[in-house]
Every structure is written in C-alpha cells, then in structure tokens.
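Heads up, the thing below is written out as structure tokens.
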Protein chains: 2
Amino acid sequence: VTTGCAPRLELRALPGLPVVSAGDDLGEVIAAAMARAEVAAGDGDVIVVASKLVSRAEGRFVDLATVDPSPRARELAAVTGHDPRHVEVIVRDAAAVSRAARGVLVVRHRLGFVVANGGVDRSNVGADDRVLVLPTDPDASAARLRARLGVAGVVISDSFGRPFRLGTVGAAIGVAGLPPLWDQRGRRDLFGRRLDATVTALADQVAAAADLVAGQADEGRGAVLVRGLRFDPGDGGAAALLRPADADLYA
Amino acid sequence: VTTGCAPRLELRALPGLPVVSAGDDLGEVIAAAMARAEVAAGDGDVIVVASKLVSRAEGRFVDLATVDPSPRARELAAVTGHDPRHVEVIVRDAAAVSRAARGVLVVRHRLGFVVANGGVDRSNVGADDRVLVLPTDPDASAARLRARLGVAGVVISDSFGRPFRLGTVGAAIGVAGLPPLWDQRGRRDLFGRRLDATVTALADQVAAAADLVAGQADEGRGAVLVRGLRFDPGDGGAAALLRPADADLYA
C-alpha cells in the first residue's frame, strides 16, 4: 500500500453508543458497538471518535461553581461578553489569545490548535454549570483506542470554525496509525510535471467526512467507521497538522 | 427528509474520466462515466466535481506569453517572488489582497473566496506557460450539471489551504441542490438543551470527503458520487459559506 486515493469509501456510524460517563472504558464501549454492527476490524479501517466522547470518558468536566476567574479572564470576559468563569477555563489551557472581540474568543490551545473558546464545550454536558474541556492527550487516547480496537487508524475529531468561511468542519485533534498529512510532492501530474505544493490534510479530511455521519449533537453517533482509505502506517500525531505560529500570516 | 446526518455514506470515484478539453460537454462526460459505473441517479445522490474539470471544459486557460503585468502585479511579484505574469492573472480576478509575503499571495477572489494564488493553477494544464483560472460562475456550472445528471445535488470543489493548519482540504466553490450550511440551531442536544451555535459547513465537508477519493493530481478521478446524504433541497449557492469580510477578524 502507498498512501493514495481510495477509489471507494464507506462511512458508517457505529450503532447504539450509550451516553459515555466519566470512568467508562471507551475502548470497550466502541468495541461493543463494532460487535453489534458485526464489524470486524478490516485492513485499513479507521475509526473516527468525537472528542466529546473521549473527554467524557476521561471525566474532563469542570464545574463552573468551583472556578475563580483570574483578572485576565475577567478582562477577556468584559471584551467578549462571556461568563468570566467560562473564560477562566478557556485561558487556563490557552498558550495565547489569537482574537478577542464581542462574542468571539479564539485561542491557541496548549496542544497547539487555534480554536474558538479553546474547544471548551457548554452543550451536551448535562448541566448548565458544567463545561467539558478537550482530552488531556488526544494522540495518546487515539493510540490506546487503536490498540484496543485492532484497527489501522484512529482519529479523534472536533468541530472547528475557521477564518473566511462560515460553519464548522471536522478537524483532527488526535491521530494514531495514519499519516496526518498526505504529501504528494514527489508525485507527477497527468502531464508528468512534478507537483510542487500538494500536501493534503488527510486526517482533517477524514474527520470532516466522518462529521457528515456523526453530526454534532448526537453523541450516540460519535464513533464512525471509515473503510476503504489507502495509507502507509504513519506514526505522526495531530501536531503534524499545525502550522507553526511564527510561519502563520494569520496568527 | 430533513437535513441531518447520514447513518451510512458511500463515496465512489466515477471511472474512466478522460482528460477534459476546452469545449467538451462536461455533463456528457460525467453522465457517460456514471453509465460505465452503472450508477443510476438515486435519491439524494450528490456529485462532487473538481473545479479543474469545469475550468478546463470552459477553456479557462491563460497563456502567460499574452499577459502584460500591471505595476501592481510587478509590486506583488517582487514581494512574493512569483512570476509577475502569474501574479497579474491572480490580481485581475482579486477583489482584495489578504496577505502577501515571500512565497505567499492570498487574495479574496471576486467570487468571495479567500484563497492562495486566487485559485490560479499552474499544475496539470499541459504546458509550462499556461495557467488555469477558476470557473466563471461555479454555482451556475453546478446547477447546469445537476439538471443534466438528474442528481439531487452538485458541488464544485477546490483544494484550499487555511490559516493555522497545514495541508489542503476540499472546499465548495459551487453548490446546487443542497444546503451549503446545515443549521442545527433549532435542534436540541441529548439533554434537551437548545444548541446555540452549531452550523455545519455541509458542502465543504462533502468536498473534503470527496477529496479523499478524488485526490488532487488525478483529474481522471475528478468526479465523485456521494450516496447516503440526507438533506432538504437547498437553493443557496457557495456564497452562503463565505464570512462577510467586515465580520472576519482574520480578513
């Protein structure tokens, strides 16, 4: 196999996922869903897991009643109009603020992703005063799930907004087993010209495709089987997808 | 049908597409490929077509030998290090320059997309001194193809770079028949909370998914059937995906 285009790709939401709670063994939960769907791990299969499921299993809830906003959080809350306790949770895990304005707080997370509200989620956590933060180490979570499920690759996905364009798209925040980027620079085009600048964000596109079947609110559909991809095993994590801040004209 | 998640999605590159030339009837070319694959248009089928195929059929080649760079193009060529004639072709169709630096020229195209090199393509055009520019009216091209092919939706896709993250992802530059954005704001999450800010870039995610099977260099795989999406017919074009420049903190 060489990393390349799949001529045919199939995506299926694994059925019957329960609501995941802190301490649940997510590998067991997903393995059971695969068994229910009579999916045996096949050659090149990738499982895309919504980051919310990983965060819930890891118990990454923060009760806002316990949060004491710092002066910096209060400042940013005044600018954005957000709850200062919510902002405090965001800035705790932020390496830098990218943009702050009315209703908008975009940060560079300590994991390197530039993401609105630091990926801190107020929906689907079951209570108004709890928020859910990103998994501690999404690449490690992806690697553990990959080993447990016996699949070729695992992507931990989240839904990100982006500059210039409206709407969210799936993006990879954890990657195991597949190359995050597919580098086609050595290839030649139809006319034999070398392609100069063609690096595809493979793992992000897999996350975006999976989002079409997983949806956002439906945690019950937060694990998606992607069958038919072609790739060489890759050991890079999601950081391979990040443009260094000093090389980013939009940082 | 209500727009929502597909529980199962299938993507197939239509086989045997020839190299498309100026004046070719792209609808006929794709219809023939569907027939070869024994694909009859099904309920909810979407065809994703690489913008290069549309541009080639429309004869959107520019011979750089005929291009006389303006002073503005020469200025930007000095900044970026690009061929001044290539820059001239880019700025002719640009509404604004977003960023210019060594090796980088990002513009807002007259169609509204913020895109590196204005979407002007130097690869796969068959000769070193020709470039290929974006289709004249991608939404209209999508609508014509949709009518000809009898499918529910057509997306004209291109591969875009983006701030913060490396690698290109498929993006929709022309849309017919499906809602470009899927607005879930009226829905409720698993716990009955109303979702506040959940609008998915449906057409962009469809383009990203299709790119996994189409690849970038392989024009022979530039038409992809996406089967299994659920959506209400939509009549918005790709402009629905564009954040207004004055509401964009990264413009």
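The values are calculated or read from the model by the stated rules, or taken from the named source; none is laboratory data. Note that the structure is a prediction, hence the values are computed from the model and not measured. When we count neighbours, we look across all protein chains shown, and the Cβ atoms used for this are built from the backbone with ideal geometry, even at glycine.
General remarks:
- Cβ separations smaller than 6 Å between residues 6+ apart or across chains give the following pairs from the stretch B:37-49 residues that are modelled with pLDDT under 90 to residues that are in a strand (DSSP E or B): B:39/B:225.
- Considering residues of the stretch A:229-244 that are within 9 Å of another protein chain (Cβ to nearest Cβ) and part of a helix (DSSP H, G or I) only, the residue surrounded by the fewest Cβ atoms within 10 Å (Cβ to Cβ): A:240
- Residues of the stretch A:97-112 classified as touching a strand residue (DSSP E or B) at 6+ places or on another chain (Cβ under 9 Å) and at pLDDT below 95, total: 1
Each row is one residue, and each column tells you yes or no for (1) among the small types (Gly, Ala, Ser); (2) more than 9 Å from every other protein chain (Cβ to nearest Cβ).
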{"residue": "B:77", "(1), (2)": "yes, yes"}
{"residue": "B:119", "(1), (2)": "yes, yes"}
{"residue": "B:134", "(1), (2)": "no, yes"}
{"residue": "B:137", "(1), (2)": "no, yes"}
{"residue": "B:150", "(1), (2)": "yes, yes"}
{"residue": "B:165", "(1), (2)": "no, no"}
{"residue": "B:170", "(1), (2)": "yes, no"}
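- Any hit, the stretch A:3-20, residues being touching a strand residue (DSSP E or B) at 6+ places or on another chain (Cβ under 7 Å), of a type in the set (Ser, Thr, Tyr) and over 24 Å from residue A:181 (Cα atoms): no
- Residue check for residue B:27: assigned to a helix (DSSP H, G or I), closer than 26 Å to residue B:160 by Cβ, away from chain A (no Cβ under 11 Å) and under 24 Å from the mean Cα position of the chain (by Cα): yes
- The one condition in (1) surrounded by fewer than 19 Cβ atoms within 10 Å (Cβ to Cβ); (2) touching a Pro at 6+ places or on another chain (Cβ under 8 Å) that residue B:23 fails to fulfil: (2)
- Qualifying positions in the stretch A:215-247 - more than 19 Å from residue A:177 (Cβ to Cβ) and modelled with pLDDT under 90: A:215, A:216, A:217, A:218, A:219, A:220, A:221, A:245, A:246, A:247
- When the stretch A:1-24 is filtered for residues that are under 24 Å from residue A:55 (Cβ atoms) and not in a loop (DSSP other than H, G, I, E, B), the ones remaining, listed by number, are A:11, A:12, A:13.
- Whether a residue is aliphatic (A, V, I, L, M), modelled with pLDDT of 95 or more and surrounded by fewer than 19 Cβ atoms within 10 Å (Cβ to Cβ) was assessed, and residue A:94 does not pass this test.
- Check on residue A:65, within 27 Å of residue A:239 (Cα to Cα) and either buried (at least 19 other Cβ atoms within 10 Å of the Cβ) or in contact (Cβ under 8 Å) with a residue 24 or more places away in the chain (or both): no
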